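Worksheet: the structure to be examined is printed underneath.
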Amino acid sequence: MKIYRLLSIIASFLLFTNFLIAQENDEKGTILTEWAEKVTSENVWQQYPRPQFERNEWLNLNGTWDFKIANKKESDVSKIDWKDKILVPFTVESKLSGIHKNVDENKPLYYHTSFKLDQSWNDRSILLHFDASDYYTTVWLNGKQVGTHTGGYDRFTFNISDLIKKGEKQDLIVMVSDPQNTVFKAQGKQSNNSGQYERASGIWQTVWIEPVNKENHLISVRQETSLYKVFFSSKIAEQDPSLKVKYEVFDGTKLVATKISGTKKISISIPSPKLWSPDTPFLYTTKISLLNAEEVLDEVSSYVGLRTISVSETSKGKQILLNDKPIFQVGPLDQNYWPGGGFTPPSEEAMLWEAEYLKEIGCNMVRLHIKKNPDRYYYNCDKLGLLVWQDFISGPKKDLNPEPEEAAAWLGEQKKLMANLHNHPSIVLWITFNEGWGQHDTEEIFKWTREQDSTRLITLSSGWNDIPGLGDIRDLHDYTMRPSIPVSETESRVLVIGEGGGFASALPEHNWTGRANETGEIKNPLFGGFNPEIPRDTEFSHDLFRPTFTTGKPFEKQYERFIENLILLKNTGLNALIYTQLTDMKLEENGWLTFDRKVSKIDKKALNRIHSKLITEVYPQTIILGRSKAENNSWELAKIPFPAEDKNNRDIFSISETPEFNSLEWIKGSAPFTNKPGDNEWTGKEQLLVKNEFEIKDLSNSHSVRIYTDLDGKSPWMYSRIYINGEFIADEIIRQKMPESRMAEVIVPKEKEHILKKGKNSIIIQFVPGLTSQSGNIKKVPDDISMNVEVTSFKFKD
C-alpha cells in the first residue's frame, strides 16, 4: 500500500510539473499558428460577420480598445482610469488580447472605444451588434446606459439611434462580468485551469454597427428547403400589414424564382433544382427586400442549399439519408481552441484553412463540440460541403439539477443558437447533451428541441446518460482500436460513433507542453491513456485503448487497421465516425493536426484514401460459425479462477499467459453463454472459456470474429481473448454503460493469418468479465452477463 501511495504522489507531482511547463511555454508564446502570428489591430477580423443576412453598409469596431480589470463595479464609468489596452475580439485570458490573465468571478471587465459614423447615416437607425460576450454585459453610449444582456454564446443587438451625437465621436463603454462556475449557464469546456481549456470571459466575437431604415427594417429571415422548394418567412421591426416582402432566388446572376408576399411562411418552387451535398455543395443566392409599395425599405442578401436530411429503415438497420440517399459520415470532433486566441480563431483565413484541410483528407462532416463558432465558420462549411453536427453548449459538468431560473436562461441561449444557425444547409444534426454534462430535464428538452426544428436530426445524449428509443441517433463513445456497437435486437435508432479513436502522437516542438512520446517499459498492454506513452506501432493483436503511435507511416498503418474494423461494422448498422480529434489541445496530443496546425501527423493523401474507403466501400460477410441456437452449434466450456488480487500488479499480465488448454476440464455447453442459474453452470465470478470449430474453404479470404456481450450497464467491462488453433490471435475490450447487447468485429490480423488453415479450425474465446483497460485489473463483475460468438469470412478490396 505504501508503494501504491508513493506512486500516486509521484503521478500527481508529474502532472503538476507538466502543468508548470505548459504555463511557461504559454507565457513564452512558443506555440502559435501562422495566422496568429499575423494578427494586428488593423487586420483583426475584418470580414462581414453575418454572411446569411448581409447588408451593404457596416462599421467594424474590432481593434485596440481601452481596458481595465476592476476589483468591483465602478460607480461612475465616465471616471474610469484606463490603464491597459486589449485587442477586441480576443478574450482577456488569451495571449492575442494583449492581457493574457485569468480573472475571477468578482472582477468585472471594462472596455472603452470611440467611433465616428458616416454622415450619410444621420437619418438612419443605428444598430450595435455583439456577436458574443460572456456573460453579463452592460453597455453605455455617450454616458447613457444602452442596455444589458445575459448569455455567453449568442449574438445580441441594441438600437442606439436615440443616443447618437450627430457629427461627433461616439463614446462606447462595455462592462462584462463572468460568474464562471457560480451559476448554471452555457459553459462548454471553459475551465478555470488555463492549462486545459481556458475561459472565454468578456467579448470574444466581433463588435460591429450597421445602419437601417428608420421607418422599418428586417430583423430576420428563416429559410428552409426541400429537394425542389425554398420556404421563407420573415420578421420585421414594426408589424405593418401593408408592407410586403420580396423573395428572389438566383443561380449565379440568373433569377430563377421570385415571389412577393407578407411576412408569413411561403414556398417557392425551384425549376431544375441543383441539390446541395458534400460532393456538390451548390448554393443559390437569395435576396430579400422589405417593400412599402414600390419603395425598398430594407434589403439583405443570403443563400440556400437545397437538401434534406432524414432517417430510413434499411436491411442494415436505420440509416441517415441525405437528399433521400444513404450517406456514411466521417469527420473529426472539433473543439476549436486556438493557441494564442483561445476560444476565438485568429482569423477567417485560419478557419477556412481548417475546413479545406478536412475536405483534402476526405472528410464529409465535422462535429463542433459544445461551442458555437463565428458565423463564417458555418459559411465555410456551407460553401465547401461539410456537414455539421452542432452541440448545444453544455452547462457545468456536474450540475444536473439547476435552479428553474438558471435552467430557463440556459435553454433560452440554446434557442438563440438554433435560431441563429437555422439557415445553414451544412448543419444537419443537433446534439442536446454530451456525456451527461449539465444534463437535466432530458425528455422535456428533447421534445422542445424537436418543436424548435423538425427539419434536422437530434442526438439526445452523446456518449452516455441516454434514454433508450429517444432521439434519432444512438451515439457511442468508444476509444478502443476495435469499437463495439449495439445490435438490432436492443437498439432501433441510427448507430454512430460520436467520439472514437483518440490516438496520441506527440511532437514536442509543435505542442503546448513540450512533451514527447515516452520510452521504456509498457505499463499496461491494453492502455495508452490520454497522454503520450510508449508507441505501440507494431502491436496488432491488442484492442488498445487510446494508444500512442509514432507520427507518419506507423500511425498511418495502425489508423487504417482501425478503419477496416469500422468498415465491417457498416454491415450491421454503423452510420458515422467522429474521430477525436481535429487538432491537439493543450494537454491532449491526439489530433490529426498538431496544436499549432503546422503538421498533419498522417499524410493528407493517405488520410483521404483511408477515409474514402470508409465512406464508399462495403465488405460483404459470410457467417461460417453462427451464434444462433437454431444452428445447433456444439460448444465446450471450461472455467479458470480469476488471478489472486494484487493491487500493485495488473491482472492483465497473468491473464495474458496462454492457458494449458489440454489440462482444462471441458464440459458440453450452448450459446449464448450467461451466468444465469442452470445455464452452463457458470456464475460470472471466474473466467469462462468456450471452444468450437469452424471451416475455412478459401484461405484467400480474410476472417473476423464477432464478440457479442450483453451486460447490465452497472459494471460495464468485458475482456475477451481469441485463440485459433491454439495460438493467441487478438483480444477485445467492451465497455457499455447501457443495458444492451453489443458486438465488436475482430479481424484476424494479417500477421496472424498463417495460423489459419483450410478445412477445420478450432477457436477458443477466453472471457474475463470486469477487467478494465484503464487499470488492467478486474473491477466489479457485472451481475447479468450474456456472451456469444460468430466467425465470418470476407474479402478486402484491393
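The values are calculated or read from the model by the stated rules, or taken from the named source; none is laboratory data. Since this is a predicted model, take the numbers as computed values, not measurements. Glycine also receives a Cβ, built like all others from the backbone with ideal geometry; neighbour counts cover every protein chain displayed. For accessibility, only protein heavy atoms count, side chains too; no ligands or nucleic acids. Shrake-Rupley method; radii C 1.70, N 1.55, O 1.52, S 1.80 Å.
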Would you point out the residue of the range 122-165, among those that are open to solvent by less than 50 Å² (accessible area, probe 1.4 Å) and among the aromatic types (Phe, Trp, Tyr), that is modelled with the lowest pLDDT? Tyr135
Looking at Glu210, Glu215, Glu168, which is the one that is surrounded by fewer than 19 Cβ atoms within 10 Å (Cβ to Cβ) and within 30 Å of Lys259 (Cβ to Cβ)? Glu215
Looking for whichever is open to solvent by 30 Å² or more (accessible area, probe 1.4 Å), under 27 Å from Leu771 (Cβ atoms) and modelled with pLDDT of 95 or more here; the options are Arg482, Arg561. Which one fits? Arg561
Quick one: how many residues across the range 247-292 are of a type outside the set (S, T, N, Q) and part of a loop (DSSP other than H, G, I, E, B)? 12
Residue under question is Asn590, and the condition is that it be within 30 Å of Ser310 (Cα to Cα) and either within 20 Å of the chain's Cα centre (by Cα) or of a type outside the set (A, V, I, L, M, F, W, C) (or both); does it hold? no
From (1) farther than 29 Å from Glu57 by Cβ; (2) out of contact with any helix residue (DSSP H, G or I) (no Cβ under 6 Å at 6 or more places or on another chain); (3) surrounded by fewer than 17 Cβ atoms within 10 Å (Cβ to Cβ), pick out the condition that doesn't hold for Glu105. (2)
Apart from one, (1) closer than 26 Å to Asn60 by Cβ; (2) surrounded by 16 or more Cβ atoms within 10 Å (Cβ to Cβ) all hold for Gly195; the odd one out is (1)
Inspect all residues belonging to the range 510-528 and state whether any of them is touching a Leu at 6+ places or on another chain (Cβ under 9 Å), within 30 Å of Ile473 (Cβ to Cβ), open to solvent by 20 Å² or more (accessible area, probe 1.4 Å) and in contact (Cβ under 8 Å) with a residue 24 or more places away in the chain. yes
Of all residues in the range 374-415 being open to solvent by less than 10 Å² (accessible area, probe 1.4 Å) and aromatic (Phe, Trp, Tyr), the one that is nearest to Gln47 (Cα to Cα): Tyr378
Candidate set: the range 228-247, residues that are at pLDDT 95 or above and among the charged types (D, E, K, R); chosen: the one farthest from Ser302 (Cα to Cα): Lys244
Residue count, the range 227-279, condition open to solvent by 80 Å² or more (accessible area, probe 1.4 Å) and of a type in the set (Ser, Thr, Tyr), comes to 3
Here the qualifying pairs (Cβ atoms under 6 Å; residues six or more apart or on different chains; first in the range 659-681 and over 11 Å from Ser786 (Cα atoms); second among the charged types (D, E, K, R)) come out as Trp666/Glu636
Any idea which residue in the range 313-338 is least open to solvent (accessible area, probe 1.4 Å), counting only those that are among the small types (Gly, Ala, Ser) and touching a residue at least 12 places away in the same chain (Cβ under 8 Å)? Gly331
Of the conditions (1) within 28 Å of the chain's Cα centre (by Cα); (2) among the charged types (D, E, K, R); (3) at pLDDT 95 or above; (4) open to solvent by 20 Å² or more (accessible area, probe 1.4 Å), Lys760 satisfies every one except a single condition; which number is it? (1)
